Every structure is written in C-alpha cells, then in structure tokens.
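Structure first, commentary second.
The values are calculated or read from the model by the stated rules, or taken from the named source; none is laboratory data. What you see is a predicted model, and the numbers here were worked out from it, not measured in a lab. A quick note on method: Cβ atoms are made from the backbone with ideal geometry, for glycine too, and the neighbour counts reach across all protein chains shown. Accessible surface areas use protein heavy atoms only, side chains included; no ligands, DNA or RNA. Shrake-Rupley method; radii C 1.70, N 1.55, O 1.52, S 1.80 Å.
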Amino acid sequence: MADSALRLAGYYGDHMLFQRNAPIPLSGWAAPGARVVAGDGQTTVQVTADAAGRWSLQLPARSAVPSMTLTLESSGHRLVLRDVAVGELWFAAGQSNMAWPMAWIKGRSDDVASARDAGLRLLSVAPAAWHAPRTDASGLWHATTPQTVREFSALAYHFGRELRGALDVPVGLIHAGWGGSRIEPWLPPTAYARLMPAQAHLAENLHNRGHAPAALYNAMVHPFTVLPVRGVIWYQGEANLADGPHYGPKLEALIEGWREAWASPSLPFLFAQIAPLDYTPYAPNPPPDLLQRFWETQIDVLRVPGTGLVSTLDLNPDRELHPGEKREAGERFAALALQQVYGIGAEAQSPRYRRHRVDGAQVRVEWLHAQGLRSPDGGPLQGFELAGADGVFHPAQARIDGDAVMLTSERVPQPQRVRYAWQATPAVGLVNGAGLPALPFRAPR
C-alpha cells in the first residue's frame, strides 16, 4: 500500500540547486489520488497523485536565484525546501580520479580551508547499484564550507569554483563516482543493448566488483535525469584500459544514452584523458603501446559533436595512479566548459593532430588549436619520431612553422610514418599559446 505521507525523492532537500532558465521539476509520493500543491513564492502549481501515490510537477523556469523557499502541501502534510538556488547545474561522474576527495589531496589543505561559498552547492550521490532504472536516490545537498567540501570530489569542486568566479551565478554540482568502475555499469540499459545486443540479456556479463552492465547508471544517474543539467564532466577509463580501441564505441554509446535520458540531444559532455602512467602492473600481458592506443580512441570520440577532451599529459609528474593535480584538471575542465558552452575565455583545447604531408626527407605536421605553438621550456621540441619503410622509429628534429611542425631525421631519409608523445609517460614537447600540451598521435595508423 502506498504511503499516505507526502514525501519527495531522496535527492531533494535544503540548499539544492536547479538549472536556470529551465522548468523546476518536483516529484515524489503522496496518498493515492491526493492533490499536491507546490509553490515558489511567485507561482503555485497543483497535481493529483496517481493510483500508486506517485506525482510529479514543474514550477516555471527562473533566471539565477541565490536563495528561495519552495513549499509543498498535500492532505494536511507540508514540506519546505529552504535556501534553494537556481543557477548552473553540472553532473560529474566516473571512477576514482573523479571521486578522489579534497581531503586526500596532499599539500592542498589551504584549498579546503578556503572553501567557503554559499553560492556553490554540492551533492554527492550515495554509492548504489541496481538491476533496473530507479526513480529515487540518496544524497544531501550542502553549501560549500571547509567541512562540507572535505569528502567531495576535488576535481568537481575546482571545476565548480572556476565556473562561479567566471559566471557570477550560483553553481551546483552532482557528483556520482565509484572507484575502479568500468564504463559498462554506467551505460543506460538501452545503450548497452544497442552496443552489445547478443549479451544484453546476460545479467552476469561484465560484472565488475558486483556491477552488471547498467547497474550504476540505474541507481546513481537515472534518478537525476529528471533534473535539467547544463552538462556532464567525466573522468573514467583506467578500468577499461585493456579495451584499447573498443573503449571508444562504449564511450560514444554512453554519451548518446545519457543525452537520450536527459532528453537533451546536444548535452555538453567533457571528458578527461587518462593520466600518463606505466599501467602494465594493472593490465596482464599488455601490448607495448596499450596506453597510447587508449588515448587514441579517446581522441577519436571528439568526432561526436558537443564533446571536449581535457589533456592530462603534464598533470601527473609523480607518476601516480591517482595524480594529485586535481585542482589543475578541474580548472582545465572549467576553461573548456566556459569556452565551449558559455562562449567565454580564450583557447581551452589542446593542440590536436590535423594532417601531415611528406615532402622528400621532410614531414609537415599540421595541428588544430595551434595558435602560439611553442616548446614548453623554450628548448628544442621533444617527442617527435619518424619511420621509413622498415617501420623503425627514430627521434626527429622539429621546428615550428606557424600552425605546423616541420620534422626531419638523418636516420630516416625517406619518412613514411610519424608519431608524437607515443610513450606511456612522454615528455611534454609541444604546447600552444594557452600552455596546453599537444595530444599524442601516430599517422598513418
């Protein structure tokens, strides 16, 4: 029997934030057939609960609001949501490098101590897995203080802090992370079925620490798809490293599936390049260029409109599985979002291979996002290699020519192949004017 008490889904609460200029959705349970009335101080909306006691409604869209009160009443019951904000809402998800909390970042205690902003609202989704899409999830909203930020995603916090400073409106972050998780549990059921139709019925398939396909999506993402969000930031892939080029279609399926779930075909989706590291202890019998091929397939996903990639080539100087440079990664995510989503700021994308041309003993490599190409330290360009018909690569001498890099090698008089930063822990040998490191590539593949 349905509960006669008025209640909301578990992720509603004081201090929460709704996306500005979008309808404000509320949903929950009441007595079957009962009238539910909601108000925001300006408008009142009412709806009738169905036979199971379920109800949902929408209050009118609002521009940015720093704080307001929402009220709900039904059958003598009353709920009040206090200090609710309206602004920019982002969803952050992934495995441990997204989930890594502020308190665990070495040498950054000042970042925690200075985290005090009533306009930056944080929600950490309670870890859960489920066999079917759920409509409810647990999590408490908090305004940012040193106490509330300690266990929150460091990368997401720094992302939100930068947006706050640039946009001057309230910002909300919903963080859903699970360390060690593969991408398959984050795929919506329909997306997984399209991607791997022959295996979609196998509940045991691709279990990862008890996570079947779609299990994390069902419990930690789907409940929030009723809330309009401005975009998604994603840091995941280490657990799928052995997939190599097969990871790309999975990430594309996830992007498409999440966009369908949010009913937002162009929902911005920004993701991180997994950090440079010797991953061979974590992948049995890996090929010698395991990580480089994974980076390659991540870069390929940029063909999907509305996506963006944050380079991490220079953000793991200590070569750790969990790099401590989460502030810098979050700031790069924010710069990318500000440029691509809000049209604010200068270049925020890394140089990316465009094409190359062989002219005798010389190779010309042209780049996208190449304004201000330079060596990061003013010295010779590093990391470029050429190979001839024998396929053996040798270091190349490189010089910048506008948006291109010119390559030669005395040991390769007739070059046929070129690559850059094709190592698991490459030296950063080329950056653009924004100081962003060029992405690895090989050509032809």
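What strands (runs of 3 or more DSSP E), lying completely within the stretch 1-56, carry at least 1 residues that are open to solvent by 30 Å² or more (accessible area, probe 1.4 Å)?
24-29, 35-39, 44-48
Taking the stretch 306-328 as the region of interest, how many residues are over 18 Å from R352 (Cα atoms) and of a type in the set (A, V, I, L, M, F, W, C)?
1
Among the numbered conditions (1) of a type in the set (A, V, I, L, M, F, W, C); (2) surrounded by 14 or more Cβ atoms within 10 Å (Cβ to Cβ); (3) out of contact with any helix residue (DSSP H, G or I) (no Cβ under 9 Å at 6 or more places or on another chain); (4) in a loop (DSSP other than H, G, I, E, B), tell me where A389 comes up short.
Every condition holds for A389 apart from (2).
For the stretch 410-422, which residues satisfy the criterion of being part of a loop (DSSP other than H, G, I, E, B), open to solvent by 10 Å² or more (accessible area, probe 1.4 Å) and either of a type in the set (D, E, K, R) or in contact with a His (Cβ under 9 Å, 6 or more places away or on another chain) (or both)?
E410, R411
Considering only the stretch 226-237, I want to know if a residue exists there that is modelled with pLDDT under 95 and in contact with a Leu (Cβ under 7 Å, 6 or more places away or on another chain). Before the answer, list the steps.
Step one: filter the stretch 226-237 for residues modelled with pLDDT under 95, giving none.
Among the residues of the stretch 226-237, not one is modelled with pLDDT under 95 and in contact with a Leu (Cβ under 7 Å, 6 or more places away or on another chain), which makes the answer no.
Any chance you could count how many residues in the stretch 386-443 are over 20 Å from R374 (Cβ atoms) and among the aromatic types (F, W, Y)?
2
Output the residues belonging to the stretch 303-322 that are open to solvent by less than 30 Å² (accessible area, probe 1.4 Å) and under 22 Å from Y247 (Cα atoms).
V304, T307, G308, L309, V310, S311, T312, L313
Just need a number here: residues in the stretch 263-276 that are surrounded by 19 or more Cβ atoms within 10 Å (Cβ to Cβ) and out of contact with any Gly (no Cβ under 7 Å at 6 or more places or on another chain). It would help to see each step written out before you state the result.
The first filter runs over the stretch 263-276 and keeps only residues surrounded by 19 or more Cβ atoms within 10 Å (Cβ to Cβ), leaving 267-276.
Keeping just the survivors that are out of contact with any Gly (no Cβ under 7 Å at 6 or more places or on another chain) gives 271-273, 275-276.
Number satisfying all stated conditions: 5.
Has the stretch 146-156 got any residue that is out of contact with any helix residue (DSSP H, G or I) (no Cβ under 6 Å at 6 or more places or on another chain), at pLDDT 95 or above, within 30 Å of H211 (Cβ to Cβ) and acidic (D, E)?
yes
Count, please, the residues in the stretch 57-90 that happen to be surrounded by fewer than 15 Cβ atoms within 10 Å (Cβ to Cβ), hydrophobic (A, V, I, L, M, F, W, C) and part of a loop (DSSP other than H, G, I, E, B).
So the answer is 1.
Would you mention how many residues in the stretch 164-183 are touching a strand residue (DSSP E or B) at 6+ places or on another chain (Cβ under 7 Å) and either under 18 Å from F271 (Cα atoms) or in a strand (DSSP E or B) (or both)?
Qualifying residue count for the region: 9.
Would a scan of the stretch 369-381 turn up a residue that is of a type in the set (S, T, Y) and open to solvent by 50 Å² or more (accessible area, probe 1.4 Å)? Before you say what the answer is, go through the steps one by one.
Filtering the stretch 369-381 for residues of a type in the set (S, T, Y) gives 375.
After this cut, where a residue has to be open to solvent by 50 Å² or more (accessible area, probe 1.4 Å) as well, the list is none.
So far as the stretch 369-381 goes, no, none of its residues is of a type in the set (S, T, Y) and open to solvent by 50 Å² or more (accessible area, probe 1.4 Å).
When the stretch 339-360 is examined, which residues are found to be among the small types (G, A, S), in contact with a Leu (Cβ under 9 Å, 6 or more places away or on another chain) and more than 17 Å from V171 (Cβ to Cβ)?
Correct list: A348, S350.
Out of the stretch 219-254, which residues are of a type in the set (F, W, Y) and in contact with a Ser or Thr (Cβ under 7 Å, 6 or more places away or on another chain)?
Kept after step one, since they are of a type in the set (F, W, Y), are these residues of the stretch 219-254: 224, 234-235, 247.
Passing the criteria: only Y247.
Just give me the residues in the stretch 140-163 being surrounded by fewer than 19 Cβ atoms within 10 Å (Cβ to Cβ) and in a helix (DSSP H, G or I), in sequence order.
If the condition is that a residue be surrounded by fewer than 19 Cβ atoms within 10 Å (Cβ to Cβ) and in a helix (DSSP H, G or I), then P146, Q147 are the ones that fit.
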